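Have a look at the structure below before the remarks.
The values are calculated or read from the model by the stated rules, or taken from the named source; none is laboratory data. This is a predicted model, so every value here is computed, not measured. Positions of Cβ are generated from backbone atoms using ideal geometry, with glycine treated the same way; all protein chains shown enter the neighbour counts. Ligands, DNA and RNA are stripped out before the accessible areas are found, and what is left, the full protein with its side chains, is counted by its heavy atoms. Shrake-Rupley method; radii C 1.70, N 1.55, O 1.52, S 1.80 Å.
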Amino acid sequence: RGLAQSVLLAAKAGADPRAEALSLACLAHCDRVAQRLRRATEASRRAAEIFRRIGDNAGESASLNTFAHATMLLGQTDESLEAALLSVQLCGVDGATASAVLAFNCLGMSYCWSGMFDKAAASLETAVLLAARCEPPMSAYQPKLNQLFVESMRLANERYQTTAMP
């Protein structure tokens, strides 16, 4: 985190928007991992804006994924879904890329936390399929693990709603 803050200060002083966006994205990731979710949302929002201005779709998508994850954990599911959908849209034109796999994985989890389990399952299945089509193939471990989580959440929700074991 300290190194990213140093890079951010140097990037601002040197008027280097790419380095500024990268350091903000790194700070957002650090804050998300450390459960400083409000700081993570602000840093990832700023990073996404800068990446958008300089035309870096992959960087913008990654920053939106961080923003979506942090807002999802804060219970702001509408914001999370909006960011995740935009991330997928940014990756949609590129086909089977690591960015697209991560974006669909994030979208699946945003749908899950919004209670839209069918859409979550479909998004995660897309992430798994895209991972296999990447060159070289990308690990589908995280989307597959998230598929199990979504199914368990769906079953728990059904049990809660109906009081019967599904």
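Could you derive backbone 3J(HN,Hα) for the range 140-156 from the dihedral phi with the Karplus parameters 6.51, -1.76 and 1.60 (θ = phi - 60°), listing whole Hz in sequence and x where the residue is Gly or Pro?
9, 4, 5, x, 5, 4, 5, 4, 5, 5, 4, 5, 5, 5, 4, 5, 5
Using a Gaussian network model on the chain with a 10 Å cutoff between Cα atoms, which of M109, M138, M72 fluctuates the most?
Fluctuation is largest for M138.
Picking from A70, A21, L37, whose Cα lies most toward the positive end of the charge dipole for the chain (charges on Cβ: Lys, Arg +1; Asp, Glu -1)?
L37
Roughly how tilted is helix 117-133, in degrees to the nearest 10 and between 0 and 90, from the longest Cα axis of the chain?
Taking Cα atoms only, the helix is inclined about 60 degrees.
Sketch the reach of a paramagnetic label on D16 as a point 7 Å from Cα along Cα-to-Cβ, and name the residues of the range 23-56 whose backbone nitrogen lies under 11 Å away.
23
May I ask for the angle, rounded to the nearest 10°, between helix 2-13 and the longest principal axis of the chain, with both axes built from Cα atoms and the value confined to 0 to 90°?
So the inclination is approximately 50 degrees.
T126: accessible area at probe 1.4 Å, nearest 10 Å²?
So the heavy atoms of T126 present about 50 Å² to solvent.
Specify the inter-centroid distance of the range 118-147 and the range 53-103, based on alpha-carbon positions, in whole Å.
Using only Cα atoms to place each centre, the spacing works out to 15 Å.
Can you tell me which of D118, D16, D78 moves the most in a GNM of the chain? Springs connect C-alpha atoms under 10 Å apart.
D16
Under the rule of -39500 (n - 2.57) per DSSP H run of 4 or more residues, summed and divided by the residues of the chain, what mean residue ellipticity at 222 nm is obtained, to the nearest 500 deg cm²/dmol?
After summing the helix terms and dividing by residue count, I get -27000 deg cm²/dmol.
Karplus couplings for the range 23-30 from phi (6.51 cos²θ - 1.76 cosθ + 1.60, θ = phi - 60°), rounded to Hz, Gly and Pro as x?
Values per residue, Gly and Pro as x: 5, 5, 5, 5, 4, 4, 4, 4 Hz.
Which whole-percent values make up P(r) of the chain when all C-alpha to C-alpha distances are grouped in 5 Å steps starting at zero?
The distribution over the chain is 1, 11, 16, 19, 18, 15, 9, 5, 3, 1, 1, 0, 0, given as percents.
Calculate how steeply helix 57-73 sits against the longest principal axis of the alpha-carbon atoms of the chain, using the helix alpha-carbon long axis, and give the answer as 0 to 90 degrees to the nearest 10.
For 57-73 against the chain, the angle is about 50 degrees.
Anyone know which of L22, L129, L102 comes out most mobile in the 10 Å Cα GNM of the chain?
Of the options given, L129 has the highest mean-square fluctuation.
Kindly report, to the nearest 10 Å², the accessible surface of V7 as traced by a 1.4 Å probe over protein heavy atoms only.
My reading of the accessible area for V7 is about 60 Å².
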